[in-house]
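Trainee: One structure is given below, represented as structure tokens, and several questions about it will come after.
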Amino acid sequence: LANLEYGCAARLDDVSLMHWDQDDCFDLGGQHFLVQGGYDQLPRALAAVVPVRLKAEVLRVRHGDDGVILCLRGGEEVKADAALVTVPLGVLQARTVKFQPPLPSWKAGAIDRLGFGT
């Protein structure tokens with residue numbers, strides 16, 4: 001039962017009997033999955049083929065049919081076809097980064113409901 005709580009990331013009292021295994025079709029199968037050599041290989045491989053900006057504080061993400069514009073502290077704007085936004089949950093919850101148009105209410109609500117510990 002403890003493994004079920006672990007797999008569902010919830011107490012058994014909060015797990016739906018009907019839907020507890022709804023993600024099984026996306027399961028990797030087999031033994032637990034680990035990236036040989038560490039998970040940092042993924043961003044390193046990605047950085048080898050797409051531009052990555054470090055220490056560039058994004059204040060605003062404007063996105064639409066014609067791509068995305070990242071507005072950085074200091075006034076610089078970076079234009080791209082797409083952007084992968086990776087920020088800590090606390091930053092998202094504080095609304096430090098502004099999205100234009102705003103995130104859909106279902107997504108903003110999910111961000112607000114997520115918890116994290118120290």
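The values are calculated or read from the model by the stated rules, or taken from the named source; none is laboratory data. Note that the structure is predicted; figures quoted are calculated from it, not measured. Methodologically, a virtual Cβ is constructed for each residue, glycine included, from the backbone with ideal geometry; neighbour enumeration extends over all protein chains shown. Just the protein is used for accessible areas: all its heavy atoms, side chains included, with ligands, DNA and RNA removed. Shrake-Rupley method; radii C 1.70, N 1.55, O 1.52, S 1.80 Å.
Trainee: Just give me the residues in segment 78-107 being part of a helix (DSSP H, G or I) and either closer than 22 Å to Gly67 by Cβ or open to solvent by 70 Å² or more (accessible area, probe 1.4 Å) (or both), in sequence order.
Mentor: First pass over segment 78-107, keeping only residues part of a helix (DSSP H, G or I): 89-93, 105-107.
If the condition is that a residue be part of a helix (DSSP H, G or I) and either closer than 22 Å to Gly67 by Cβ or open to solvent by 70 Å² or more (accessible area, probe 1.4 Å) (or both), then Leu92, Ser105, Trp106, Lys107 are the ones that fit.
Trainee: Just checking, does segment 15-27 include any residue being open to solvent by 60 Å² or more (accessible area, probe 1.4 Å) and either modelled with pLDDT of 85 or more or over 29 Å from Gly115 (Cβ atoms) (or both)?
Mentor: No, that holds for no residue.
Trainee: Here's something else I'd like to know. Restricting attention to segment 77-95, report how many residues are without any contact (Cβ under 8 Å) to a residue 12 or more places away in the chain and over 21 Å from Pro43 (Cα atoms).
Mentor: 3
Trainee: Quickly run through segment 61-72 and pick out the residues that are surrounded by fewer than 10 Cβ atoms within 10 Å (Cβ to Cβ) and not small (Gly, Ala, Ser).
Mentor: Here is the first cut: in segment 61-72, the residues surrounded by fewer than 10 Cβ atoms within 10 Å (Cβ to Cβ) are 64-66.
Answer for segment 61-72, where residues must be surrounded by fewer than 10 Cβ atoms within 10 Å (Cβ to Cβ) and not small (Gly, Ala, Ser): Asp65, Asp66.
Trainee: For segment 63-73, which residues satisfy the criterion of being under 19 Å from Pro88 (Cα atoms) and either part of a strand (DSSP E or B) or in contact with a Gly (Cβ under 8 Å, 6 or more places away or on another chain) (or both)?
Mentor: Looking only at segment 63-73, we keep the residues that are under 19 Å from Pro88 (Cα atoms), and these are 70-73.
Passing the criteria: Leu70, Cys71, Leu72.
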